[in-house]
Amino acid sequence: MNYNPPHINDNVNDYVKRGDYHYYKLQKFLAQATRPIDSYVHSLLVSEPEIDSEYTRILFASTMRILLSEAATMLTQARIDNLHYGLKLPGKPIQIMENNNEPLLNQYQSAWKRLSRDQWISRTIKHGYRIP
């Protein structure tokens, strides 16, 4: 299955179309780069159904997906900005993420830190219990 991002509006000038074409190609590449990661994790889970989510290979694959997702989000935002300024629309372009200064990986890490402050969760992690 191939990913095809939406095409740009035909009413914009050639400069914007050329820039969008390059964003489009990068976005398509990033979307298809996640396929081997998904396939790898799937085959790993099929071969070892009892594998822990904290397993190094699973964590690495999850981190790679987060980083690729962040890159795809940044490219999508760049396409929106490019089109918005190319069409000379009033106001600011729509922002996909509220805070683009903080990478997605840091957001997940900060959420984990907030969760791990909870005493029940900390004890559960410390003693190795599995949450059903």
- Message: Sort THR56, THR76 by Cβ crowding within 10 Å, fewest neighbours at the top.
- Response: THR56, THR76
- Working out 0.36 nm times the residue gap between ASP52 and ASP14, then minus their Cα-Cα distance, what length gain in nm do you get to one decimal? 8.6 nm
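Please give the net charge around MET64, taking every other residue with its beta carbon less than 13 angstrom from that of MET64, where Lys and Arg add +1 and Asp and Glu add -1.
Numbers: positive: ARG35, ARG57, ARG65; negative: ASP38, GLU70.
Combined, the nearby Lys, Arg, Asp and Glu give +1.
Provide LYS25, LYS88 in ascending order of the number of other Cβ atoms located within 10 Å of each residue's Cβ, fewest first. Can you show the working numbers first?
Details: LYS25 12, LYS88 8.
Taking fewest neighbouring Cβ atoms as first place, the list is LYS88, LYS25.
Computed from the coordinates by the stated procedures, all read-outs in this text should not be read as laboratory data. For clarity, every value in this text was computed on a predicted model and none was experimentally measured. Note that each Cβ is placed from the backbone with ideal geometry, even for glycine, and that neighbours are counted across all protein chains shown.
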